[in-house]
Amino acid sequence: MRRALVTGIGGQDGFLLGRELLAHGRHVVGTVRPGTGFRSDITTYLGGVEGLDVVELDLRDGVGVAHLLDKYNFDEIYNLASFSSVGLSWQNAELVSEINGMAVLRLLEALRLYHDRNGRAPRFYQASTSEIFGLAEEQPQTEHTPHHPRSPYAVAKSFAHHLTVNYRESYGLFACSGILYNHESPVRGAGFVTRKITRAVAEIALGRREELTLGNLDIRRDWGHAAEYVGSMRLMLEADDPADYIVATGVAHSLEEFINVAFDVAGLGDPGQYVRQNPDLMRPADVMELRGDATKAREQLGWVPQRGFREIIEEMVRVDMRRIETGVEDHRDYLPAL
């Protein structure tokens, strides 16, 4: 049985990738931050399945990373662990640089040394992001579009992306970066703006609140379904050769469009009577539009997105309404279909 390490298994992508890998016969080891242990949400979404271990590990601990690699002799590593909030990264620039940047360097160094000792190393996936393109010179972006990051989060991710390329080219590691555009599901973290919207819409529809406050509504993003996007990660590490891939739908929508659809599927009509804008929620520097060209992933991996923009939002609103009606925040039924 192939062994896969999933760092940061306690987030949306970790839940969904862990399930994906278990379904494809991997033994999965997932890491969580020290002090969090085997959390109840991990138990809910991934528990009860043979072949899953959860360990505590701070990826800033290079010695701990090396010990984990030696203990399990992994075939694959998926590095999803990240300081994931773009908005909060301005107030935590040093921390986000350590977790999203330097921790990746330590992990790649551990893989290089592992290779020197053993003559092989696990295949490595780095979770990159469309935010690295920032003020992109072209729409849509391709794997060759220059980076122009506009937040500490994006700067650190760009650094990690280039490190992954460098270690692949310099040391022959099988190392890939998946440049994933925005991807959503009902198990998206509550701090992300999309879940903030769907949760608020559900609460308004059920009479639990009266309004929703947001920042910039004009930004445009390329939104896809997270359950499909994690499948691309597995395909990258199953390919014959390592490479970097954009994973996107090729279609951008504004945040205002996202809001309109969410209110519509909840039967609330015009969002204008509920939505308020607060300038304090605006970021110091924003990226107005990101849209990806996933031609390479389609042609080389056979990866094609299936679920549409409205379908994704409908699913998220429906599950958030169930959360409020039942009082159950985490349930296996909330996981989207594979």
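The values are calculated or read from the model by the stated rules, or taken from the named source; none is laboratory data. The shown structure was predicted, so the numbers you read here are calculated from the model rather than taken from an experiment. Here Cβ is always computed from backbone atoms with ideal geometry, including for glycine, and neighbour counts include all displayed protein chains.
Descriptive notes on the structure:
- Residue match in the range 289-296 (condition: touching a helix residue (DSSP H, G or I) at 6+ places or on another chain (Cβ under 7 Å) and within 30 Å of Thr142 (Cβ to Cβ)): yes
Residues are listed down the side, and each one gets a yes or a no for (1) over 19 Å from the mean Cα position of the chain (by Cα); (2) of a type outside the set (S, T, N, Q); (3) part of a loop (DSSP other than H, G, I, E, B):
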| site | (1), (2), (3) |
| --- | --- |
| Phe15 | no, yes, no |
| Arg19 | no, yes, no |
| Asp70 | yes, yes, no |
| Phe74 | yes, yes, yes |
| Phe83 | no, yes, yes |
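- Residue count for the range 176-199 under the criterion of being part of a helix (DSSP H, G or I), among the hydroxyl-bearing types (Ser, Thr, Tyr) and either in the same structural domain as Leu17 (by TED's automatic domain parsing) or in contact with a strand residue (DSSP E or B) (Cβ under 8 Å, 6 or more places away or on another chain) (or both): the result is 1.
- Some residue of the range 152-175 being closer than 18 Å to Arg283 by Cα and not in a helix (DSSP H, G or I): no
Quick grid of which residues meet (1) of a type in the set (A, V, I, L, M, F, W, C); (2) under 18 Å from Thr295 (Cα atoms); (3) in a strand (DSSP E or B):
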residue	(1), (2), (3)
Ala243	yes, yes, no
Ile246	yes, yes, yes
Glu257	no, no, no
Val261	yes, no, no
Gly267	no, no, no
Arg283	no, no, no
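- Condition check for Ala202: under 11 Å from the mean Cα position of the chain (by Cα), buried (at least 19 other Cβ atoms within 10 Å of the Cβ) and not in a loop (DSSP other than H, G, I, E, B): no
- Selection count where residues are part of a helix (DSSP H, G or I) and either in contact (Cβ under 8 Å) with a residue 24 or more places away in the chain or farther than 19 Å from Val32 by Cβ (or both), scope the range 85-126: 29
- Total residues in the range 210-230 satisfying the condition of being in a helix (DSSP H, G or I) and farther than 17 Å from Thr198 by Cα: the figure is 4.
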